[in-house]
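All remarks here apply to the structure that follows.
The values are calculated or read from the model by the stated rules, or taken from the named source; none is laboratory data. Predicted model only: the values in this text are computed from it and were never measured. Don't worry about glycine lacking a Cβ; one is built from the backbone with ideal geometry, like all the others, and counts go over all protein chains shown. Remember, those area values only see protein heavy atoms, side chains included, never the ligands or the DNA or RNA. Shrake-Rupley method; radii C 1.70, N 1.55, O 1.52, S 1.80 Å.
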Amino acid sequence: MIGMKGKDEPIFFDAVIERLAPEVPRFVVYPGKAWDETGTFIVDVGLNGISIGLRNLIPWKERGWHFGLSEPMCRRVGVETGDQVHVEMTRLGDSRPRELDELIKGDPKARQAWNALSAGERRDLVLFVADAKKPETRTHRASRLLGR
C-alpha cells in the first residue's frame with residue numbers, strides 16, 4: 001500500500017531492483033509519500049523478509065524516493081537488477097543510538113564535535129553508529145568519530 005503513514009508505522013510495497021549503468025549501485029524506488037519527510041532521512045529496510053539494515057531514503061523529484069543497494073546486499077537477498085522484491089521500511093527518525101546520545105550528553109568535547117557537524121554529516125554518523133550490531137561497537141564508533 002502506498003500512502004502517508006504515521007511516524008511509527010512501517011511502509012510495505014513491491015518494487016523492481018533498478019540500475020542505471022553497470023558501474024553504479026542498484027537501487028529501489030518508492031513512489032509514495034514517505035511519512036511527513038521532505039529531505040533525506042534514515043530507514044531500516046527489509047527485502048523479501050531479509051533485513052538489509054539502515055539506508056538513507058533520498059528524495060527523487062520525478063519518482064518519489066530511492067535507496068541504494070550494494071552488491072553484497074543483493075547477494076545476501078539473492079536479487080539481481082530487474083527482480084521484483086517486497087520491501088518493508090521503518091523510519092528511524094531523528095533518534096540517535098543510545099550510545100551516541102550518552103556520549104554527546106556526557107562529554108563536552110564530543111558535544112562540541114557533534115554541534116560542529118552539518119545535518120548531513122550528523123545523519124551519516126547516526127547511520128554508521130546505529131548500523132553496528134553490538135553496543136560496544138556502537139560505543140567505539142561514536143567515540144572514534146567524535147574524537148574521544
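Once the Cα gyration tensor of segment 1-84 is found, what semi-axes does its equivalent ellipsoid get, as square roots of 5 times the eigenvalues, in whole Å, sorted largest first?
Working through the eigenvalues yields semi-axes of 21, 15, 11 Å.
First measure r as the distance between the Cβ atoms of E136 and E62, then evaluate 1/(1 + (r/R0)^6) with R0 = 30 Å and state the FRET efficiency to the nearest 0.05.
It comes out at approximately 0.10.
With N denoting the number of residues in segment 62-148, provide Rg(C-alpha) divided by 2.2 N^0.38 Å, to two decimal places.
Rounded to two decimals, the normalised Rg is 1.35.
For R122, put the label point 7 Å out on the Cα→Cβ axis and report which residues of segment 57-71 keep their amide N under 20 Å from it.
The answer is 57-59.
Could you tell me what percent of the accessible area of segment 1-89 is made up of carbon and sulfur, with a 1.4 Å probe and every protein chain present?
So the carbon and sulfur contribution to the accessible surface is 54 percent.
Can you find, among S51, G120, A15, the residue sitting farthest towards the positive end of the charge dipole of the chain, where Lys and Arg contribute +1 and Asp and Glu -1 at Cβ?
Projecting each Cα onto the dipole axis, the largest value belongs to G120.
Please compute the per residue accessible area over the chain with all protein chains in place, 1.4 Å probe, rounded to a whole number of Å².
Result: 57 Å² of accessible area for each residue.
If you take the square roots of the eigenvalues of the alpha-carbon gyration tensor of the chain and sort them as a ≥ b ≥ c, do you get rounded (a/c under 1.5), prolate (a/b over b/c) or oblate?
Since a/c reaches 1.5 and a/b is larger than b/c, the shape of the chain is classed as prolate.
State, as an integer percentage, the relative contact order of the chain based on alpha-carbon contacts under 8 Å between residues 6 or more apart.
24 percent
With a cut-off of at most 16 other beta carbons within 10 Å, and DSSP calling the residue loop, which trypsin sites (Lys or Arg not before Pro) in segment 36-66 qualify? Please list them.
Within segment 36-66, the qualifying trypsin sites (Lys or Arg not before Pro) (loop, at most 16 other Cβ atoms within 10 Å) are K61, R63.
What dipole magnitude, in Debye to the nearest 20, does segment 42-148 give about its Cα centre under +1 on Lys/Arg Cβ and -1 on Asp/Glu Cβ?
420 debye
In cubic angstrom, how much convex hull volume per residue do the alpha carbon atoms of segment 47-111 span?
139 Å³
Calculate the spin-label point distance for T90 paired with A21, positioning each point 7 Å from the Cα along the beta-carbon direction, and give it in nanometres.
3.7 nm
What chymotrypsin sites (Phe, Trp or Tyr not before Pro) in segment 23-78 are in a loop by DSSP, with at most 15 other Cβ atoms within 10 Å of the Cβ?
Answer in residue order: no site qualifies.
If contacts are Cα pairs under 8 angstrom and at least 6 residues apart, what is the relative contact order of segment 18-65 in percent?
35 percent
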